[in-house]
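Reviewing the structure listed below.
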């Protein structure tokens, strides 16, 4: 896959600049049967995989793919390509290709449910890939491709698969059907079964440097929203999201459309409440903060807490905040009060808690315990 090819001479308009070298290394004529892209969420690996799936299914005779003109490309854009199967949770389905009309009446119709559909608007979108969907997709691989070319299976996030689904996938990876390509994506590679990792080509998706990421957003945000860009707000969200441009863009889009149910926006607001509490050090009101944020996802909250502690450790060592530079003054004050041994213990506790962030435990109880431990860092 990473050999030089004609793709390297063409810059794809849908590929962000920091992923162009990765795109340019793709050889569609010698593509592995399974590739596992991994890296921080929100850096564009999902969008890269969608464009790659389209290229693998493109039926043009041209060397540059996707051509965006053939029937296969039109079907793909409308969400109706019969040989493209996307196994993603409901929270991500709105990011898949989908059109307002079908390109061809003879093309197979595939309804993609989303949180916007009337029948699901009052239900909380699921964050894991459905077991039944995985089983049906894998079982259907015994049937040949509808159009006689490649068939592409995209799974994201791979680490969300339940054990039985992961084992079903493993069997297909061990004996891959002809002309079937698996595009697997993981935010947390360490949570993917080693047996699955060993049967895939592992590709690390890079995160852009701050200047490149912000420059891209300065172009994309006005194009997507039509609104004037708030530079201070953009930089704040960029730092809070750990330098993940697509997370920033999706958050600003949700805000522009006043989507108060968007989980990313909810997570950002909850993380800001958490940061306000953490900035108070020993004066933090752990019960009150936990009450305000416990309905949000644990993963992003724990990530924010880890980044805050990382910044605090950096300041203690004489450095500057990386994730929350606008909190430099608070961090500097807290660095003089924090007990380093207790802070390191809290870091270890956060790491252990992250291993079980998807466990159906009471979020409020976990948060209260964590924030109580944080408060003790500043006590003798």
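Just so you know, all these numbers are worked out from the coordinates, no wet-lab data involved. Bear in mind the structure is a predicted one, so any value in this text is a computation, not a measurement. We place every Cβ from the backbone using ideal geometry, glycine too, and count neighbours over all the protein chains shown.
Have a look at 25, 78, 198 and tell me which one the Gaussian network model of the chain (Cα, springs below 10 Å) gives the largest fluctuation. Looking only at 25, 78, 198, the largest GNM fluctuation is found for 198.
Averaging the Cα positions of each part gives two centres, and for segment 206-255 and segment 43-81 these lie 26 Å apart. Where does helix 363-376 land angle-wise versus the long Cα axis of the chain, in degrees 0 to 90, nearest 10? It is inclined by approximately 40 degrees. Using a Gaussian network model of the chain in which every pair of alpha carbons under 10 angstrom is joined by a spring, one finds that among 245, 325, 208 the greatest mean-square fluctuation is at 325. If you line up the long axis of helix 231-240 against the longest principal axis of the chain, both from Cα atoms, how many degrees apart are they, to the nearest 10? It works out to around 90 degrees. Look at the alpha carbon pairs under 8 Å that are at least 6 residues apart: their mean separation over the length of segment 260-376 gives a relative contact order of 34 percent.
Full extension of the chain segment joining residue 202 with residue 162 gains 12.3 nm, where the gain is 0.36 nm per residue of separation less the Cα-Cα distance.
Mean separation of Cα pairs under 8 Å and 6+ residues apart, divided by the residue count of the chain: what relative contact order is that in percent?
It comes to 15 percent, rounded to a whole number.
Cα centroid separation, segment 161-190 to segment 272-339: 37 Å.
So what's the angle, to the nearest 10 degrees on a 0 to 90 scale, between helix 263-278 and the longest Cα principal axis of the chain? Tilt relative to the chain: about 20 degrees.
Only one item in (1) 22.3, 73; (2) 20.7, 66; (3) 31.0, 94 matches Rg and Dmax of the Cα atoms in Å derived from the coordinates shown, and that item is (1). Each peptide in 349-356, 149-156 receives the mean, over its residues, of other Cβ atoms within 10 Å, and ordering these scores from highest gives 149-156, 349-356.
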